[in-house]
Amino acid sequence: MKIAVREAPITSTEIIEAKKANPGFGRTFSDRMFMARWNEEQGWHDAEIVPYGPIPLDPAANVLHYAQEVFEGMKAYSWEDGRVALFRPEMNGERFNNSAKRLCMPTVDPEFFMDAVTTLVGLEKDWIPADGKGALYIRPTMIGTEAALGVKASTDYLFYVIVGPVGSYFPTGFKPIRIWVTKEYVRAAVGGIGFAKTSGNYAASLLAGKIAAEKGCSQVLYLDAKENKFIEELGGMNVFCRFGKTIATSPLTGSILPGVTRNSIMTLAPEFGLAVEERNISIGEIKERAADGSLSEVFAVGTAAVVTAIGSLLYEDEEITIGDGGIGDVSQQLYDRLTGIQYGRLADAHKWVRFVG
Ligand code: COI
């Protein structure tokens, strides 16, 4: 589909450079955004790039009441040779559609998804921070826009993409984080929408997130909804545990988000002589094996978080320190390898990188 590019006011280079210097996460956006509409008769239509700004929505729009919304989190990286790279963007396109199907929304042709992302990123490449300073965060989103309060799927949808420079997700940078393991709150149950990247899952996590912050923790580790025993994910990141020469993570049971970074880490780990296990890991096992030293690292992985070491877990008012509480060598090696590929400093043996333009 042809994407029309509309005139937009362009921010001056000095201001863009100032905004890129210290971007934080998800607070600065570029000059333009992509938009397309869907309805039964026309399918996807009116694809255009327009000035970044508010979206007029009917107050009865489905997304505002029944949360028909799906999104993705991706990054574009600025290489030293001037090229702009995306990392496994087709996986985001595929997950976007899997999420859309679960939320009873239309899918987007993979080529159209890619065109939307690459056209916008190509136009906004001045907003990409240099290597070492961050990346351009890309947020493809789809919402139900029909004005109707009956509980049913919307007849009309808006697919849009916004981008902006980001640094590290945590204000503390890549320092090890402290996590609250909750027994009171559940993120998602099997059969629900846990595997979909949809706003409802994040809304469900906010209260526990606030309590965690009050306890001095930066994220919440959720346990499975049925037995309240096995670790699942952090709400915005997947989790790995290192036991000797093995790294283990929760299986994709349907209540966990199938992370692109999770998948990439599982592919890279054997290159460091590590075995990879997808298995249930109970919080009891974590407690015991952190104490006897056979669990030496726990780390969070995600597009936003990259690879972030977890220094300690707070569970039932007890502090479980992992290793020496610092960044373990496997976390560091995997971080270096992954970011090395993303920024073009290391060979892309798995052919994960796609260039823009
Ligand atoms: C990401 O890692 O890109 C995410 O979407 C997680 C979170 C910031 C919502």
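Listing for the model above:
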quantity	calculated
The chain: relative contact order in percent, alpha carbon pairs under 8 Å with at least 6 residues between	18 percent
Equivalent ellipsoid semi-axes - Cα gyration tensor, the chain, angstrom	34, 25, 18
Relative compactness, the range 139-226, computed as alpha-carbon Rg over 2.2 N^0.38 Å	1.38
Accessible area of the chain belonging to carbon and sulfur atoms, whole % at 1.4 Å probe	52 percent
Convex hull volume per residue in cubic angstrom - Cα atoms of the range 177-342	100 Å³
Under 18 Å from the Glu278 label point (7 Å along Cα→beta-carbon), backbone N, the range 343-357	none
Value of Rg/Rh across the range 4-166 [Cα atoms, Kirkwood radius]	0.99
Estimated [θ] at 222 nm from DSSP helical runs (n ≥ 4, -39500 (n - 2.57)) normalised by residues in the chain, nearest 500	-8000 deg cm²/dmol
Overall form of the range 222-300 per C-alpha gyration tensor (a/c, 1.5; a/b vs b/c)	oblate
Among Gly216, Gly235, Gly273, residue whose mean-square fluctuation peaks in a GNM of the chain (springs only between Cα atoms under 10 Å)	Gly273
Around Val298: net Lys/Arg minus Asp/Glu count, Cβ-Cβ under 13 Å	0
Accessible area in square angstrom per residue, the chain, 1.4 angstrom probe	44 Å²
Radius of gyration and Dmax over the Cα atoms of the range 71-117, both given in Å	12.5, 43
By average C-beta atoms within 10 angstrom, highest first, the peptides 282-294, 151-163	151-163, 282-294
Count of lysine pairs in the range 177-342 with Cα separation under 17 Å (8 or more residues apart, or interchain)	6
With DNA, RNA and ligands ignored, accessible area of Glu94 (1.4 Å probe; Å², nearest 10)	120 Å²
On Cα atoms only, tilt of 110-123 relative to the major axis of the chain in degrees	80 degrees
Efficiency of FRET between Asp115 and Thr321 - r from beta-carbon atoms, R0 45 angstrom, step 0.05	0.40
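The values are calculated or read from the model by the stated rules, or taken from the named source; none is laboratory data. No experiment lies behind these values; they were computed from the predicted model shown. Using ideal geometry, Cβ is built from the backbone for each residue, glycine included, and neighbour counts are taken over all protein chains shown. Surface areas here come from the heavy atoms of the whole protein model, side chains and all, with no ligands, DNA or RNA. Shrake-Rupley method; radii C 1.70, N 1.55, O 1.52, S 1.80 Å.
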